[in-house]
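Down below is the structure, laid out as C-alpha cells.
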Number of protein chains: 2
Amino acid sequence: MLRKEYDHIILLAHGSPDPIWKQPFESLYNQITLSYGANNVSLAFMELTIPTLEETVASLDKEITRIAVLPLFLAVGRHLRQDVPAQIEALQTDRLQIDLLPPIGDDAAVKEAMQMAIAKYLGKVE
Amino acid sequence: MLRKEYDHIILLAHGSPDPIWKQPFESLYNQITLSYGANNVSLAFMELTIPTLEETVASLDKEITRIAVLPLFLAVGRHLRQDVPAQIEALQTDRLQIDLLPPIGDDAAVKEAMQMAIAKYLGKVE
C-alpha cells in the first residue's frame, strides 16, 4: 500500500514542442522506478508531449481507484489552477478518484536545494 | 567578487498570466537576498510577468559588465534553446557580456531533492 492510500502516482510535467525537453523528466522517472518499481508510478505530460494525462489514466489497471497527480512544476499558475483540475474532473468517475497534489517546487527540500544552487553563484571567493 | 567572475546574477523564471504564480519565485529570491544582499542578484521573467529580462538589465549599474542568467526552469526546451538566447543576444553589447547558465533543474542537489519529494508518496507504509 502506498502512503496516503493512493494506488498510483502520476508525475505530471508541462510538455514542450521540443523533443529533447522531456529528457530530465524521463531521467527523474527512471531513477524513481529503479528504487520503487514502475508499477505504482507513471510519467505524463499536460500538453504537447506524450503520453498525455488522459492516455496514462486510460492505461492503468482497472483495479486502481485512487490516483494522485504530482505536478513537476515549480509554481501554481493557470495550468495547475484551471487546466489540470479540468482535465482531472473530466477523468474522474464514481470509482476513480484523482487528487491533485501541490507542485514539486513547493517541497521544502526542493526549495532549499534551489537556494543552495543559486548560492553557489553568489558565494564570495576569498 | 562573485564566483565565476560574474558581476551580477539574474534569476530568470518563465512568467505567467496568473498574478499569484510568481510568489514562490519571489519567496526564493527574498530568501537569497537575506543571505547575500540584493546588490548582486535580481529576479526577472521571460514573458507575461514583470520585470522582464530587458527591464532588469537596463536597471543595472553601468559598471556591471558580466552577467549570468540562471533559469528557474526544470528543463531546457524551446524557451531556453531559442527565445532566451535571442533575448540575451539582443541585450549584449561590446561592454556587456551575458552568459546563460544551465537551468536550476539541472543541479544535482535539486534533482536529488525532487527524487526524495516523489519518494515520500511512494514509500511503503509498514
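A few remarks follow.
- Residue match in the stretch B:4-11 (condition: of a type in the set (Lys, Arg) and within 12 Å of another protein chain (Cβ to nearest Cβ)): yes
- Of all residues in the stretch A:1-23, those satisfying the criterion of being assigned to a helix (DSSP H, G or I) and under 16 Å from B:Ala117 (Cα atoms) are A:Arg3, A:Lys4.
Yes/no per residue for (1) assigned to a loop (DSSP other than H, G, I, E, B); (2) surrounded by 18 or more Cβ atoms within 10 Å (Cβ to Cβ); (3) modelled with pLDDT under 95:
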| residue | (1), (2), (3) |
| --- | --- |
| A:Ile32 | no, yes, no |
| A:Ser35 | no, no, yes |
| A:Ala38 | yes, no, yes |
| A:Ile50 | yes, no, no |
| A:Gln82 | no, no, no |
| A:Gln97 | no, no, no |
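- Residue that is more than 30 Å from A:Asn30 (Cα to Cα) and either surrounded by fewer than 18 Cβ atoms within 10 Å (Cβ to Cβ) or touching a Gly at 6+ places or on another chain (Cβ under 8 Å) (or both), where the choices are B:Ala68, B:Ala108, B:Ala44, B:Ala58: B:Ala58
- Scanning the stretch A:99-114 for residues that are part of a helix (DSSP H, G or I) and of a type outside the set (Asp, Glu) yields a count of 8.
- Test for A:Pro103: is it buried (at least 16 other Cβ atoms within 10 Å of the Cβ) and either of a type in the set (D, E, K, R) or more than 8 Å from chain B (Cβ to nearest Cβ) (or both): yes
- Among the residues of the stretch B:33-51, those identified as within 12 Å of the chain's Cα centre (by Cα) and closer than 19 Å to B:Ala86 by Cβ are B:Ala44, B:Phe45, B:Met46.
- Given (1) free of Cβ contacts under 8 Å to residues at least 40 places away in the same chain; (2) part of a helix (DSSP H, G or I), index of the condition B:Gln87 fails: (1)
- Qualifying residue in the stretch A:44-61 (condition: closer than 21 Å to B:Gly105 by Cβ, more than 10 Å from chain B (Cβ to nearest Cβ), β-branched (Val, Ile, Thr) and without any contact (Cβ under 8 Å) to a residue 12 or more places away in the chain): yes
- In the stretch B:15-34, of all residues being out of contact with any Leu (no Cβ under 8 Å at 6 or more places or on another chain) and closer than 17 Å to A:Tyr121 by Cα, the one that is nearest to the other protein chains (Cβ to nearest Cβ) corresponds to B:Gln31.
The values are calculated or read from the model by the stated rules, or taken from the named source; none is laboratory data. Worth saying up front: this structure is predicted, and the values here are computed from it rather than measured. Methodologically, a virtual Cβ is constructed for each residue, glycine included, from the backbone with ideal geometry; neighbour enumeration extends over all protein chains shown.
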